[in-house]
Amino acid sequence: MSESLLAGKYIERLVALGAAEAVAVDPRAVPTAEWVRWKCQYGCGGYGRRLGCPPHSPTPAQTRALLDGYTLGILAHFSGELRPTGVMVATEREAFLDGHHKAFALGEGPCRLCEACNLERCAHPAQARPSMEACGVDVFATARVAGFPIHTLRERGEAHNLYGLLLLE
C-alpha cells in the first residue's frame, strides 16, 4: 500500500473515532527539545506521579531516535472533551493488526487509567502511552506546521485543542 493510501486510511479512521481532523506528517520533521520536559517539571503538578510523565517517560533524545525510525506520522487534532490517547491507541492497535508491526501512538497529557500510578509496573500497558509533551515533542510547533489551531490557555474552562500522533511504517 502506498504511503498516501496508508495515511488516508488511518486519517479516515481517526476522524471516524472522534478526531476533528488529521493530516500526514513527516515524523523526522517533528521537533523535540529539552525545554518541553522542563515545562512538565516546572509547571505541572503531575510531574513524577505517572510512568508516562517525566522523569519516567522517554527523553527528548530517545524520542528523536524513535521519530527518526519512521517514515509516516499522522497528527490528529481533537477539540472538545474527547481525549486523544484512547483513540490513538485504538488506531495503533488496528494498524498493528493490519500488518503494520511498528505502529505506535503518542497521546496527550498525564495518563488517567489508574487513580494512582504504582510507578513500578504499568497495570494497563496495552492502553497506556506517554504524551507527546512528556517525551519532549514541541506540540505547539508541530500543530502549527500542520495548520492546526493551538494557543496558550489563559483561563480554566477555555476551549482547548489536543493532539495525538500515530507513527507508521
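Can you compute the FRET efficiency between Ala116 and Arg83 using 1/(1 + (r/R0)^6), with r the Cβ-Cβ distance and R0 = 25 Å? Round to the nearest 0.05. Efficiency, rounded to the nearest 0.05: 0.85.
Order 131-143, 7-19, 109-121 from most to least packed using the mean count of other Cβ atoms within 10 Å. If you can, show how the numbers build up before the last one.
Values: 131-143: 22.7, 7-19: 18.0, 109-121: 13.2.
Averaged packing, sorted descending, gives the order 131-143, 7-19, 109-121.
For Leu5 and Ala33, the difference between the fully extended length at 0.36 nm per residue and the C-alpha to C-alpha distance is 7.0 nm. Modelled spin-label separation between Ala90 and Arg49, with each label point placed 7 Å from Cα along the Cα-to-Cβ direction: 2.7 nm.
Cα centroids of the stretch 13-72 and the stretch 93-129: 13 Å apart.
Protection proxy ranking of 84-95, 62-73, by the mean of other Cβ atoms within 10 Å over each peptide's residues and highest first, is 84-95, 62-73.
The modelled label-to-label distance between Gln127 and Arg144, using points 7 Å beyond Cα along the C-beta direction, is 3.5 nm.
Can you give the FRET efficiency for Arg154 and Thr59, using 1/(1 + (r/R0)^6), R0 = 30 Å, r = Cβ-Cβ distance, to the nearest 0.05? Write out the running numbers ahead of the final one.
Working: r = 30 Å, r/R0 = 1.01.
The calculated FRET efficiency here is 0.50.
Rounded to the nearest 10 degrees, the inclination of helix 3-16 to the longest alpha-carbon principal axis of the chain is 60 degrees.
So if R0 is 35 Å, what FRET efficiency would Ala20 and Asp68 give, r being the distance between their Cβ atoms, rounded to the nearest 0.05?
On the way: r = 28 Å, r/R0 = 0.80.
Efficiency, rounded to the nearest 0.05: 0.80.
Counting each DSSP H run of 4 or more residues in the chain as -39500 (n - 2.57), what helix-only mean residue ellipticity at 222 nm follows after dividing by all residues, to the nearest 500 deg cm²/dmol? Spell out each step's value before the answer.
On the way: 5 runs with 52 residues, N = 169.
Computed ellipticity for the chain at 222 nm equals -9000 deg cm²/dmol.
Bear in mind that the values in this text are calculations on the coordinates, not laboratory data. Keep in mind the model is a prediction, meaning the values are calculated, not measured. So basically every Cβ, Gly included, is an ideal-geometry build from the backbone, and we count neighbours across all protein chains shown.
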